[in-house]
1. If a residue must be under 18 Å from residue 76 (Cβ atoms), in a loop (DSSP other than H, G, I, E, B) and at pLDDT 75 or above, how many such residues does region 92-132 contain?
2. I'd like to verify a number: residues in region 58-71 that are surrounded by 14 or more Cβ atoms within 10 Å (Cβ to Cβ) and either β-branched (Val, Ile, Thr) or modelled with pLDDT under 80 (or both), how many?
3. Any chance region 365-379 includes a residue that's of a type in the set (D, E, K, R), surrounded by fewer than 17 Cβ atoms within 10 Å (Cβ to Cβ) and touching a strand residue (DSSP E or B) at 6+ places or on another chain (Cβ under 9 Å)?
4. On the basis of being within 21 Å of residue 284 (Cα to Cα) and either crowded, with 21+ Cβ neighbours inside 10 Å or not assigned by TED's automatic domain parsing to the domain that holds residue 288 (or both), does residue 415 make the cut?
5. Checking the condition assigned to a strand (DSSP E or B) and either at pLDDT 85 or above or not aromatic (Phe, Trp, Tyr) (or both), which residue from 282, 298, 256 passes?
6. Residues that are touching a Lys or Arg at 6+ places or on another chain (Cβ under 7 Å), part of a loop (DSSP other than H, G, I, E, B) and of a type in the set (A, V, I, L, M, F, W, C): does region 364-385 have at least one?
7. So, of the residues in region 285-295 that are within 16 Å of residue 352 (Cα to Cα) and within 55 Å of the chain's Cα centre (by Cα), which turns out to be modelled with the highest pLDDT?
8. Suppose the filter is at pLDDT 90 or above and either within 19 Å of residue 279 (Cβ to Cβ) or hydrophobic (A, V, I, L, M, F, W, C) (or both); does residue 353 pass it?
Amino acid sequence: MKIKNIITMFIILLAIETGVLVYLISDTNIKEADIIKINDLAETVSENFYHLSGMDHKTDLEYTILDAGGEILYTSGSGLTGTLNEAMIRHDTVINIIREEKAVGTIIVSNRFSEQLNGYKGRLFAVVFIVIAGTFLIFIIFMLYLYMKIFRPFRQLQAFAVHITDGNLDIPIPMKKENIFGAFTESFDLMREEMKRARENERLAEQSKKELVASISHDIKTPVASIKAIAELMSVKIKAPEDIRQLETINSKADQINSLVTNMFNATLEELSELKVNTSEQSSGILTKFIKNIDYKQSAEIFHIPECVILADPLRLEQIIDNIITNSYKYADTSIYISGRVNDNMLEVEFCDYGPGVEEEEIPLLFNKYYRAGNAKGKSGTGLGLFISKYLIQKMYGNIVCHNTERGFLVMICLQLV
């Protein structure tokens, strides 16, 4: 509702109120006594005082005739004044009847003054009521206008500011064309959209950074573990003191790198869900290639992996196999028996060592974040390898399980066939 509409409404209300007041006031005149009619009546009564029954009473006046003693001789209607005292109270007209220079009676002409006064009071009350009610109505409309056009928009801006303070940038501020603060409202909403866009850009940049850190730190950890294992294996075979010292240096630096990478990886652990997995059609032959590249002890025996096409991310699949083989050498320190088979629409590849395995009650916990089984005491690690491996393989629509066998501890990965 625009301001000119409000002004127009006010003018219409004032005009209506003024018209009603003028009508009420103009119709409140008290009727004055008609002297001519009263004199004619007095003359007629005087002439026919002793023969009132035969007098012509054609007049619109209301009157009562009293004798000299105050007794009623004639009345033109019921409820009229009957005594002089009452006539004085009602402001009626009193005329003496004179015959032969002697007052023989009295005519009391009713002016209905009390009724007119009561009507006047009623109209006056109506005028006062209309003035008060009209003023109150105008006040209410004006206050409603202030609320709708000023106070409520300010409250909306206040609520909008609270949302912005709380970081909720998805709720737009209501905008209406007739709002007198429309320009301010639009500016605030543009500010919200810019802040939301800036926050989203910041989130994407932060996500990209954390994803990169998490990916690189995890990718570095497994090769460093392999370097460390090879250095330890070479230190057993080499006897020259200088070579042993250099291998110890390599091993020490590998530990240092592993510690730094572990700290960096833990800092981004909560963002592991942001690691991208890009699946594509791959030949199962890449499994044999990965195993041979990762088997730094040359103790893995590949029995048979069927030729088929699987859905996998080569980079993430290599990480998973690297983690499985590294864990097997770290905790079992035996050779590894690897075999595969096709079961329904999955390629199942088993990695089985010849170690003592894991306590049965611990097996369901191995894929939990930070969990390390009892056989991990005294060995470095973070308890994240199987947790990450399960996350990655599930992203490739596969699965990973583990259990004890008569031969040793077995880890099986299931990959989706195309």
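The values are calculated or read from the model by the stated rules, or taken from the named source; none is laboratory data. Note that the structure is predicted; figures quoted are calculated from it, not measured. Heads up, the Cβs are rebuilt from the backbone with ideal geometry, glycines too, and the neighbour counts pull from every protein chain shown.
1. Summing the residues that are under 18 Å from residue 76 (Cβ atoms), in a loop (DSSP other than H, G, I, E, B) and at pLDDT 75 or above in region 92-132 gives 3.
2. 3
3. The answer is no; no qualifying residue exists.
4. In short, yes.
5. The unique qualifying residue is 282.
6. Yes; the residues of region 364-385 include at least one that is touching a Lys or Arg at 6+ places or on another chain (Cβ under 7 Å), part of a loop (DSSP other than H, G, I, E, B) and of a type in the set (A, V, I, L, M, F, W, C).
7. 287
8. When the stated conditions are applied, residue 353 does not pass them.
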